[in-house]
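See structure below.
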Amino acid sequence: MAMSVVGPFFGILRLLTCSVLLLPVVVKASDADLPIMPFEEGYTHLFGDDNLVIHRDGKTVHLTLDESTGSGFVSQDLYLHGFFSASIKLPADYTAGVVVAFYMSNGDTYERNHDEIDFEFLGNIRGKDWRIQTNIYGNGSTSAGREERYSLWFDPAEDFHQYSILWTDSQIIFYVDNVPIREVKRTEAMGGDFPSKPMSLYVTIWDGSDWATNGGKYRVNYKYAPYVAEFSGLVLHGCTVDPIERLSRCDQDVSFRLIPTGISSKQRNQMGGIRKKHMTYSYCYDQARYKVPPPECVMSPKEAEHLRVFDPVTFGGSRRPRSSRHHRARASRVDAATSM
Ligand SMILES: *[C@@H]1O[C@H](CO)[C@@H](O)[C@H](O)[C@H]1NC(C)=O
């Protein structure tokens, strides 16, 4: 931080700003405080050369997308289950085509049958808000996308907000500021589609021009670059797995018990409210894509009604086929953000 001579007033202002911006060294996960992992201890640089910058606190990371490259980092360890969290501030202004992703994957190890749990942030044209997409794949189930998309109830480019993934052997919960927005309960019928092999945590920013905004209609415009996403409060709280012996070191880790075990009834009410107000897409209700909703889907009349009003073409239940099923399935990722 470059310092110049400042009067007392600006000194106080600066002090205030700092105390507001500095995040606590623990992150709240429900009622438990979880330790923040310094970058050098928990992560390694994945790509993007100088477009990854670690701050002097060792815990805040900037990822930049410009004409030359995006950037990203990955956890040093593989994890089988745990609680994974980051406070993220997204780039502001014109961000069409820009994708910021906070996700778990083992695609490097399992090319044909990988698992994945995704938080994806899809940029937008000026004046339109960022959207979040969540998705999971299990054992290579890439032909069966399980995407959901939501609008946000705040501007994610104005401040840091906490995004978290809880992954156990029976459920996956996505949280925004500790409020659950999606719960996937494992059912027997899901079989291998439920992520169940050790994964690494990835954080990336990249050019998603071909699909991120209106299915590729609005591409990244480098006139507005660099696009900078900020990350802090990085929590890796799970069972590390030895990649050779494939043993999970979880039982010894007493603090693992600190992670939330499920959704309280208060949180369930909050989740219901958010979903019926802010969900803009859910594969469970997309009858053109899935004649029968996949087995883990728990349908809600309120969500169905909200989606029908929001997007009558996709969720109106009209029998008129809009496009071949084959096309829909193949285009599931490409199609990611057609409704703005
Ligand atoms: C996962 O995929 C592999 C390879 O396709 C297969 O052999 C295995 O049975 C699958 N596991 C489950 C649980 O479906």
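The values are calculated or read from the model by the stated rules, or taken from the named source; none is laboratory data. Computed from a prediction, not measured in an experiment: that's the story for all the values here. Here Cβ is always computed from backbone atoms with ideal geometry, including for glycine, and neighbour counts include all displayed protein chains.
Residues are listed down the side, and each one gets a yes or a no for (1) more than 24 Å from residue 153 (Cα to Cα); (2) in a loop (DSSP other than H, G, I, E, B); (3) aliphatic (A, V, I, L, M); (4) over 24 Å from the mean Cα position of the chain (by Cα):
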{"residue": "273", "(1), (2), (3), (4)": "no, no, no, no"}
{"residue": "291", "(1), (2), (3), (4)": "yes, yes, no, yes"}
{"residue": "296", "(1), (2), (3), (4)": "yes, yes, no, no"}
{"residue": "299", "(1), (2), (3), (4)": "no, yes, yes, no"}
Residue hits (the range 108-148; in contact with a Lys or Arg (Cβ under 6 Å, 6 or more places away or on another chain), over 15 Å from residue 184 (Cβ atoms) and more than 14 Å from the ligand (Cβ to nearest atom)) are 122, 131
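State all residues of the range 154-177 that are part of a loop (DSSP other than H, G, I, E, B) and crowded, with 21+ Cβ neighbours inside 10 Å; if no residue qualifies, say none. Before you say what the answer is, go through the steps one by one.
Initial filter on the range 154-177 (part of a loop (DSSP other than H, G, I, E, B)): 154-160, 168-170, 177.
Once the filter is applied, which keeps residues that are part of a loop (DSSP other than H, G, I, E, B) and crowded, with 21+ Cβ neighbours inside 10 Å, the range 154-177 yields only 156.
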Would you confirm, using the coordinates I've provided, whether residue 102 is without any contact (Cβ under 8 Å) to a residue 12 or more places away in the chain, of a type in the set (A, V, I, L, M, F, W, C) and at negative phi? no
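Does at least one position in the range 140-153 carry a residue that is polar (S, T, N, Q) and either buried (at least 17 other Cβ atoms within 10 Å of the Cβ) or not in a loop (DSSP other than H, G, I, E, B) (or both)? Working first, answer last.
We begin by selecting, within the range 140-153, every residue polar (S, T, N, Q); these are 141-143, 151.
Okay, now just the ones that are also either buried (at least 17 other Cβ atoms within 10 Å of the Cβ) or not in a loop (DSSP other than H, G, I, E, B) (or both), so 141, 151.
Yes; the residues of the range 140-153 include at least one that is polar (S, T, N, Q) and either buried (at least 17 other Cβ atoms within 10 Å of the Cβ) or not in a loop (DSSP other than H, G, I, E, B) (or both).
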Filtering the range 182-198 down to residues that are closer than 15 Å to residue 117 by Cα, acidic (Asp, Glu) and within 13 Å of the ligand (Cβ to nearest atom) yields 193
Flagged in the range 220-249 as farther than 12 Å from residue 79 by Cβ, in contact (Cβ under 8 Å) with a residue 12 or more places away in the chain and either within 16 Å of the ligand (Cβ to nearest atom) or touching a strand residue (DSSP E or B) at 6+ places or on another chain (Cβ under 8 Å) (or both), in numbering order, are 220, 225, 226, 227, 228, 229, 230, 231, 232, 233, 234, 246
Filtering the range 183-224 down to residues that are modelled with pLDDT of 95 or more, more than 19 Å from residue 238 (Cα to Cα), buried (at least 17 other Cβ atoms within 10 Å of the Cβ) and aromatic (Phe, Trp, Tyr) yields 206
Residue in the range 84-92 that is assigned to a loop (DSSP other than H, G, I, E, B), on the phi > 0 side of the Ramachandran plot, surrounded by fewer than 19 Cβ atoms within 10 Å (Cβ to Cβ) and not aromatic (Phe, Trp, Tyr) present: no
